[in-house]
Amino acid sequence: MRLIILALLSAGLYSPLFVAADWQVNLDQGATEISQAMYSLHMLIFYICVAIAVVVFGVMFWSIIRHRKSRGAEAHNFHESTTIEVAWSVVPFLILVIMAVPATKTLIAMYDPSDAELNIQITGSQWKWRYQYLEHDIDFISNLSTSQEQIDNKVKKSVNYLLEVDQPLVIPVNRKVRFLFTSNDVIHSWWVPALAVKQDAIPGFINEAWTKVSTPGTYRGQCTELCGVGHAFMPIVVSARPEAEFLQWVEEQSAQKQAEAVLAEKEWTLDELTAHGEQVYLKVCSVCHQPTGEGVPGAFPALKGSALMTGDINAHIDIVLNGRTGTAMQAFRDQLSAVDLAAVITYERNAWGNNSGDKVAPSQIQQQKQ
Amino acid sequence: MATLDQTVDVHEDHGPAKGITRWLYTTNHKDIGTLYLWFSLLMFFVGGTMALAIRAELFQPGMQLVEPALFNQMTTMHGLIMVFGAVMPAFVGLANWMVPMMVGAPDMAFPRLNNWSFWILPFAFIILLSTLFMEGGAPDFGWTFYAPLSTTYAPQSVTYFIFAVHMLGISSIMGAINIIATILNLRAPGMTMMKLPLFVWTWLITAFLLIAAMPVLAGVVTMMLMDIHFGTSFFNAAGGGDPVLFQHVFWFFAHPEVYIMILPGFGIISQIIPTFSRKRLFGYHSMVYATLSIAFLSFIVWAHHMFTVGMPLAGELFFMYTTMLISVPTGVKVFNWVATMFRGSLTFETPMLFAVSFVVLFTIGGLSGLMLAIAPVDFQYHDTYFVVAHFHYVLVPGAIFSIMAGVYFWLPKWTGHMYNERLGQLHFWLSFIGVNITFFPMHFLGLAGMPRRISDYALQFADFNMVSSVGAFIFGFSQLLFLYNVVQCIRGGRTATDQVWEGARGLEWSISSPPPYHTFTQPPLVK
């Protein structure tokens, strides 16, 4: 007993250290009507649970304190009462009905995706999200942008460590946006707490959910379904912007697309390609094939010294573009631009002593893509 | 002929065989119970070590000790080992020891089957654990092994995992058949069904759950095997299959499985609380009916694990309502325990301490379960640390505490010695504090947005993760006290009386401590 008191006291002494830190203990109210409704429902159920706990534990601790043998308590001999049993079955049932009514209402509201003004298809794949705007010619992939050095504790971690991406999903505020979820490989789950949207992305299925964000801002979330080695590393960032800013962003996207097409026409040197390819490799390929190109024996093949990397260049391009069925190797045809694909293949053929000296031009990839 | 007579004489009162063959060939329910219990304790430490590896990695953000690939293997193996290696065998061990003694039977109904049920287990776990050393690593798809992560994208060791699960299933089903046959056929004269101790009742119901659920598990892993090696497409969308089908079949097994892991615990608590309250259990009949209702409901709630897979609204509502309904019979049980304590004459030896904390902490786990049942809000809770907190509250201070309560409660009967009470109480308090420091902050982490099964996390989750890891190490290492206390109790200690505890009632307390190798060779008469 002395030991326990000592432990509690010392814990108390250290507590000021913790006060400054981030101790979020409850759900966020979020940024949509649905998220508010969920929050209220959550609090309602929570308070009911606390009330039940207080009553049950109250009686229990009363007995623990008052009805101890050491205080001379004698055991009373009651042990059966149908009335009481019926009562404490019916009363909880009625409490459940009280909970079920608002829960059903909220659920029905969540299940109404009608009159959406913008439709976005969200495709999960190991370990990134692809966003396709069905009404606009916008299609991009959103990758984790936290550097490997931060993960390996070599440099200081940024504020949004593991919750930052290279390209966020941009949506307009006060518009009903409908999301369509699917997956390329395993099951993922797209969750942004502030939007109160969590929906599984399942291969072969299309699920739907919707949101209507009321406050502009940046909202962050993560994949919530175990999807392999990179499960912790596929965050979601949603940037909700006022209508005008959103339209401006749409314009920028098409301008950027044109610029990329011009870039693909340009004549690239070997050095330019490998330099750009290394960046693409570290972002896209290194989770499986490792930054050293050595892969993970038994799971992901090594690229270093691989016959494919030094042999037939068309076979190499084919596997990167079209993937390999039945393995974790995805088809990158639509995931990466021609420039990125050409660069990363060139890099793989020249890195880690693969020194083939081969160069793949973006125009070559574009031909293959068609 | 003279020699033949002699063998018959020797047979009259033979004790245990000597050496290793006693344990290999034994058909004695007490020996097999002991084997189960030691095996489960070993697995508890193996699975616990994996849990500590997980908590060590999660002590701080960033990757330090366990890289993501190994991390996923640790979470998967921790879950599988704790469920199939620690909790289930422990309950079967307790049933082996106690059910025949409680119903007045000389042994289990099928002693040889009993031997086989146990000896499958070590081999199944050798196969399962050997995957850790295979190329590509151990299963890394979570203990729920959702396809296609566990089929198309699985490491090669998945085939060994499937084989091990099949063996575990066979062992469990045989064990369950044995328990049902014992309870239904070998009760002493006068021991009517409504006189059965609640531990026996809850185990009878659990055994039926096992027989219904384990073949479904066998089915789902066989479908996986077919997909992986024989070109079928049960769960492969590209071949016209359905990944969600996997989840339906899996949870149709796994939800009853949850109750398989808690109902015998309810039984143990229902034995201990009346004993240390020196008062009969309140509402015996309603306890039996509540257990039956829970068992029935456990088969029609499975999709509450799948609220975010895109079920139609009607499905969501059905599974929400049925799940909420489970809290009614569960509540009845809790109220009955509290009513048993009310106006009793209470003492707090170690078994009672574990039992009382079971009621408190299991209720907390039950209440968070009720929150999770509310489908619209489950969209926020699902697959976060809130769920991890919830099921650890029902499994650690729930199932595990009930097992420990049972062990402390019956250990003097088994060994004939009292365990060290001071050490037992120290073990309890350290476990109680450790468990709460470990798992309570996980509620906060989940609500703040931390997904489960991630090997690394954002900075705002750092503080509570650190607290949780500290708690895990306190809890983990205090279990060594338990091991020490049990070993010391077997080796010696104050002699236990036949009744052991002042308030103990029942057949098992009417025989000597330790009981003879064969009890009730003549059936006792129960009035």
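Read-outs throughout are calculated quantities, based only on the coordinates presented, and are distinct from any laboratory measurement. Since this is a predicted model, take the numbers as computed values, not measurements. Positions of Cβ are generated from backbone atoms using ideal geometry, with glycine treated the same way; all protein chains shown enter the neighbour counts.
Restricting attention to the alpha-carbon atoms of the range B:262-517, what are Rg (one decimal) and Dmax (integer), both in Å?
In Å, with Rg to one decimal and Dmax whole: 20.3, 63.
Which aspartates and glutamates, if any, have their Cα less than 19 Å from the Cα of A:Lys154, not counting same-chain residues under 8 positions apart?
In chain and number order, the partners are A:Glu164, B:Glu57, B:Glu67, B:Asp456.
When the Karplus curve 6.51 cos²θ - 1.76 cosθ + 1.60 is applied with θ = phi - 60°, which whole-Hz ³J(HN,Hα) does each residue of the range A:164-170 get, with x for Gly and Pro?
Along the range A:164-170, the couplings run 10, 10, 6, 9, x, 7, 10 Hz.
How big, on average over all directions, is the shadow cast by the Cα convex hull of the range A:118-257, in nm²?
8.4
Would you mind giving the mean number of other chain beta-carbons within 10 Å of the Cβ of each residue in B:343-350, as a whole number?
Counting Cβ atoms of other protein chains within 10 Å of each residue's Cβ and averaging gives 6.
Relative contact order for chain A using alpha-carbon pairs under 8 Å, separation at least 6, rounded to a whole percent?
So the answer I get is 13 percent.
List every residue whose amide H lies under 5 Å from the amide H of A:Val173, counting only residues 5 or more places away in sequence or on a different chain, with H placed 1.01 Å from N in the peptide plane.
The answer is A:Arg241, A:Glu243.
Out of residues 5 or more away from A:Trp210 or on other chains, whose amide H comes under 5 Å of its own, with H placed 1.01 Å from N in the peptide plane?
A:Phe179
When Cβ neighbours within 10 Å are restricted to other protein chains, what is their mean count per residue of peptide A:203-214?
Average per residue, whole number: 3.
Using amide H atoms built in the peptide plane, which far-off residues or other-chain residues are under 5 Å from A:Ala201 H to H?
Hits under the 5 Å cutoff: A:His188, A:Ser189, A:Trp190.
When B:His248, B:His392 are ordered from fewest to most other Cβ atoms inside 10 Å of their Cβ, what list results?
Ordered by Cβ neighbours within 10 Å, fewest first: B:His248, B:His392.
Under a plain spin-label model, where a point goes 7 Å from the Cα along Cα-to-Cβ, how far apart in nm are A:Thr83 and A:Arg71?
In this crude spin-label approximation the distance works out to 2.6 nm.
Points 7 angstrom from Cα along the Cβ direction at A:Ser147 and A:Glu245: gap in nanometres?
2.8
At R0 = 25 Å, how high is the FRET efficiency between B:Tyr484 and B:Val360 if r is their beta carbon distance? Nearest 0.05 is fine.
Calculated value: 0.45.
Below 13 angstrom from the Cβ of B:Gln499, what's the summed charge of the other residues (Lys, Arg +1; Asp, Glu -1)?
Local net charge: 0.
Among all the lysines, which ones have a C-alpha under 17 Å from B:Lys195's C-alpha, if same-chain residues fewer than 8 places away are not counted?
Answer for B:Lys195, where 17 Å is the Cα cut-off: B:Lys279, B:Lys527, listed by chain and number.
Could you give me D for the range B:26-261, from Stokes-Einstein at 10 °C and 1.306 mPa s, where the hydrodynamic radius is the Kirkwood radius over C-alpha pairs? Units µm² s⁻¹, please.
Rounded, D is 84 µm²/s.
Going by average Cβ density within 10 Å per residue, which order do the peptides A:244-255, B:45-56 take, highest to lowest?
B:45-56, A:244-255
Average projected area of the Cα convex hull of the range A:11-128, in nm²?
Across all orientations, the range A:11-128 yields a mean hull projection of 15.9 nm².
At q = 0.08, 0.13 Å⁻¹, what log₁₀ I(q)/I(0) does chain B have when each alpha carbon counts as one equal point scatterer in the Debye sum?
Those come out to -0.51, -1.38, one per q.
Take the alpha-carbon centre of the range A:101-121, take the same for the range B:165-213, and report the distance between them in whole Å.
47
Would you mind checking the range B:472-506 for residues with the amide N under 16 Å from a putative spin-label position 7 Å along Cα→C-beta of B:Ser512?
Taking a point 7 Å out along Cα→Cβ of B:Ser512, the residues of the range B:472-506 whose backbone N falls under 16 Å are B:495-500.
Within the range A:245-284, whose backbone N sits under 20 Å from a point 7 Å along Cα→Cβ of A:Ser158?
Within reach of a label on A:Ser158: A:276-284.
What spacing in nm lies between the two simple spin-label points modelled at A:Ile64 and A:Phe93, each 7 Å away from Cα in the Cβ direction?
It works out to 3.2 nm between the two label points.
Across the residues of B:314-321, average count of Cβ atoms on other protein chains within 10 Å?
Per residue, the average neighbour count from other chains is 3.
Estimate the FRET efficiency between B:Trp38 and B:Gln64 by the formula 1/(1 + (r/R0)^6), using the beta-carbon distance for r and 30 Å for R0, to the nearest 0.05.
For B:Trp38 and B:Gln64, the calculated efficiency is 0.30.
For the protein assembly as shown, count the residues as N, evaluate 2.2 N^0.38 Å, and divide the Cα radius of gyration by that value, please.
The protein assembly as shown yields a ratio of 1.03.
Calculate for chain B the 222 nm mean residue ellipticity that helices alone would give, adding -39,500 (n - 2.57) per DSSP H run of length 4 or more and normalising by residue count, nearest 500 deg cm²/dmol.
Using -39500 (n - 2.57) per qualifying helix, the result is -22500 deg cm²/dmol.
Normalised by the residues of chain B, what does the relative contact order come to in percent, with Cα pairs under 8 Å and at least six apart?
Relative CO of chain B lands at 18 percent.
Between A:Asp137 and A:Ile206, how high is the FRET efficiency from 1/(1 + (r/R0)^6) when r is the Cβ-Cβ distance and R₀ = 25 Å? Nearest 0.05.
Efficiency for this residue pair is about 0.75.
Under 27 Å Cα-Cα from B:Lys18, which lysines qualify once same-chain neighbours fewer than 8 residues away are excluded?
By straight Cα distance, B:Lys18 reaches B:Lys30, B:Lys413.
Please work out the ratio of the alpha-carbon Rg of the range B:256-387 to 2.2 N^0.38 Å and round it to two decimals.
Here the Cα radius of gyration is 1.17 times the empirical estimate.
May I ask you to derive the relative contact order of the range A:266-369, considering only C-alpha pairs under 8 Å and at least 6 residues apart, and to give it as an integer percent?
It comes to 32 percent, rounded to a whole number.
Separation of the range B:56-83 and the range A:277-341 by C-alpha centroid, Å?
After rounding, the separation between the Cα centres reads 27 Å.
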